[in-house]
Amino acid sequence: MKKQIPLLIVIVLSFLFALWAVIPHKVSEDFFQGYLVFARAMSPFGVILGLMSITMVNVTKIKRKAPTWQYSYVTLISLYLTAAIGFIWGTSEGSPYIWIFKNIQMPMSATMFSLLAFYISTAAYKAFRARSAEATVLLVAAIIVMLGQVPYGVMISPKIPAFAQWILDVPNLASKRGFGLGVGLAMTAVSLKIMLGIERSYLGGGD
Amino acid sequence: MFEIISNLIAAFFTLAIFSFLYKDNPMYRLAEQLLVGISVGYGIPLTWQNAFIPFVYQPIFIQHKWYLIIPCLFGLMYVVRFSRSLSWLARYPIAIGMGMTGAGVVLSMNAGVLVQMRSAMQPIDNINMLLIFIGTVTVLLYFYFSKAHTGFYGKITKVGVWFMMIGFGASFGNTVMARISLLIGRIQFLVYDVIMGFIK
């Protein structure tokens, strides 16, 4: 009852969806549209789960006075305050909600990602220190691709942008296609395992 | 004046995050936790507006499609995930979501394998097409582990490794450039919008 019925739901729905994917008929299309209405009505409740999870993690941290527990207050206050501002003053352009997004969230997330420019350079330095032929090929390809996108590349040699494009269009495409085929086969295999009830880890542990 | 204050606040949080380059410090941690909180908080009104209102509230309470209470009840089963005695109920909405994987068998075979193979099976009429063919085959052979990578087969898979390294290098280069352009954007903001704006 606790595991068998959800498993049965997955198996039955999977077979129906496999049929939907190969039979372009009105009945199968109606089934798909019906499922979409059902799934869309269910989806907003997933956010409640996420909200409960982040709240519980931070409240537990505060209660236990775990290391850096003071910052959990910042997370919780900013979370509920941003949400409340969005509900009270709306989400349209010019509202405080959009101001928070433009002047706090967006600059911080852009800066966070730009930090990676420094750490990625350190990683490149470590890769170069590996001194293996493969690591050198990786780095040379990376440098050519980077030079191909900046004016300095053209200043060094006008052929660099074309060479960078060739790397992207030929050897890069070959390796990506190899990966793509591998990933496609793996996805098919995993989907098949779920469909046949062999893969059940999504049901979790316990009874 | 309001714009200057807004820019100063954005500049403060930008510098707070950049301060991590020196070492981990309270200002960075404050900014980090604030970013997490605001990012999650930002999503809640959007979910309400773009998912709850059009897919739950309007169909049920305005169009009176009462049968949609059933998926709502399934959705509420997510919430009991944290209860020890009722957590098993959360398997029902998960199972309904996982049901779509049946389509994945057919669709991933089509998009991930057949379309890729069709693109790969082009006439080899120039050196680039030959290189793409050799690269694709050798990369695939590298991931075939039922045969030991030794002897002639090992040499073939080694060619695949070289193709992969060039591919990784290209991805690495593109990623670095994307991050650098973000960094340039932040520096431009600090110089032109904040410092220059303040001087004016």
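The values are calculated or read from the model by the stated rules, or taken from the named source; none is laboratory data. Just so we're clear, the structure is a prediction, and the values are computed from it rather than from any experiment. In this analysis, Cβ positions are derived from the backbone assuming ideal geometry, glycine residues included, and neighbour counts consider all displayed protein chains. Remember, those area values only see protein heavy atoms, side chains included, never the ligands or the DNA or RNA. Shrake-Rupley method; radii C 1.70, N 1.55, O 1.52, S 1.80 Å.
Assorted remarks:
- Counted as qualifying within region A:1-75 are the helices (runs of 4 or more DSSP H) with 3 or more residues that are within 18 Å of A:Y202 (Cα to Cα) and more than 28 Å from the chain's Cα centre (by Cα), namely A:4-22.
- Residue count, region A:67-97 (criterion: open to solvent by less than 20 Å² (accessible area, probe 1.4 Å) and among the β-branched types (V, I, T)): 2
- Condition check for B:R29: surrounded by fewer than 19 Cβ atoms within 10 Å (Cβ to Cβ), of a type in the set (K, R) and within 17 Å of A:S53 (Cβ to Cβ): no
- Of all the residues in region B:27-52, those that are under 22 Å from the mean Cα position of the chain (by Cα) and not small (G, A, S) number 13.
- Any hit, region B:55-72, residues being part of a helix (DSSP H, G or I), at the interface with another protein chain (Cβ under 7 Å from one of its Cβ atoms) and in contact with a Phe, Trp or Tyr (Cβ under 6 Å, 6 or more places away or on another chain): yes
- Subset of region A:180-198 [more than 7 Å from chain B (Cβ to nearest Cβ) and either open to solvent by less than 30 Å² (accessible area, probe 1.4 Å) or in contact with a Leu (Cβ under 9 Å, 6 or more places away or on another chain) (or both)]: A:G197, A:I198
- Lone unmet requirement of (1) more than 7 Å from every other protein chain (Cβ to nearest Cβ); (2) surrounded by 13 or more Cβ atoms within 10 Å (Cβ to Cβ) for B:W88: (1)
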